[in-house]
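Peer 1: First the structure, then my questions, so here it is.
The values are calculated or read from the model by the stated rules, or taken from the named source; none is laboratory data. These numbers come from a predicted model, not from an experiment. Virtual Cβ from ideal backbone geometry, glycine too; neighbours counted across all protein chains shown.
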Amino acid sequence: MTNLLIKPRVFITGTMAYGPITDDSDIDIVLIGDIDAEEPEFDDTKNFREFLESLNIDIHDNKVDNRNYRGYTFTIPGMKTKRKIQIIFAYGEDDFLAWQYATKQMKKINPILDKGERVKAFQRFKSKYEEVLKHDYH
């Protein structure tokens, strides 16, 4: 029997993954994909969005707070929690791995209470990973 290793193509990031969780914390989910993909059947984000729409879930496109990513936000009607769910598009394997690396690094440090400082720390980890990639390609 052959064991297959399947790489996860989705994971949770943000304060739900590394803290601190507050009443305002949303659920941040990273997916590989491109909203302008030429072959949408291979685009996880488009497929996931279509699945949510098939459940009549109201989706809000967003690019807010000058964040450097694109995605959409939704809430699930009838759930006890009113937490927003934020879908983040990772554009290809390298971007996905950078998000994953930064999330893992944030889990290793003490939770940062100030949101602005937390975002800066995350971006530093993500940039560090991207710099390593640049050097590996040259």
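Yes or no, residue by residue, for (1) within 18 Å of the chain's Cα centre (by Cα); (2) modelled with pLDDT under 85; (3) not basic (K, R):
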position	(1), (2), (3)
L5	no, yes, yes
G14	yes, no, yes
D36	yes, yes, yes
E39	no, yes, yes
Y69	yes, yes, yes
T73	yes, yes, yes
I85	yes, no, yes
A102	yes, no, yes
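Peer 1: Further question: Identify, please: which residue in the range 48-67 is surrounded by 14 or more Cβ atoms within 10 Å (Cβ to Cβ) and not in a loop (DSSP other than H, G, I, E, B) and is, among those, modelled with the lowest pLDDT?
Peer 2: At the first step, the residues of the range 48-67 found to be surrounded by 14 or more Cβ atoms within 10 Å (Cβ to Cβ) are 48-49, 52, 57, 59, 62.
Within this subset, residues satisfying the condition of being not in a loop (DSSP other than H, G, I, E, B) are 48-49, 52, 59, 62.
Details: F48: 72, R49: 73, L52: 76, I59: 75, N62: 58.
Looking at residues that are surrounded by 14 or more Cβ atoms within 10 Å (Cβ to Cβ) and not in a loop (DSSP other than H, G, I, E, B), I get N62.
Peer 1: Could you list all residues from the range 90-108 that are in contact with a helix residue (DSSP H, G or I) (Cβ under 9 Å, 6 or more places away or on another chain), surrounded by fewer than 17 Cβ atoms within 10 Å (Cβ to Cβ) and touching a residue at least 60 places away in the same chain (Cβ under 8 Å)?
Peer 2: Residue satisfying the conditions is K107 alone.
Peer 1: Filter the range 109-138 for residues that are closer than 20 Å to F11 by Cβ, surrounded by fewer than 17 Cβ atoms within 10 Å (Cβ to Cβ) and of a type in the set (F, W, Y) and give the result.
Peer 2: Scanning the range 109-138 gives no hits.
Peer 1: Suppose the filter is assigned to a helix (DSSP H, G or I), surrounded by fewer than 17 Cβ atoms within 10 Å (Cβ to Cβ) and not basic (K, R); does G78 pass it? Break it down stepwise before answering.
Peer 2: On the way: assigned to a helix (DSSP H, G or I): no; surrounded by fewer than 17 Cβ atoms within 10 Å (Cβ to Cβ): yes; not basic (K, R): yes.
Criteria not met by G78.
Peer 1: Name the residues in the range 109-127 that are without any contact (Cβ under 8 Å) to a residue 24 or more places away in the chain, touching a helix residue (DSSP H, G or I) at 6+ places or on another chain (Cβ under 9 Å) and basic (K, R), would you?
Peer 2: Of everything in the range 109-127, those that are without any contact (Cβ under 8 Å) to a residue 24 or more places away in the chain, touching a helix residue (DSSP H, G or I) at 6+ places or on another chain (Cβ under 9 Å) and basic (K, R) turn out to be K115, R124.
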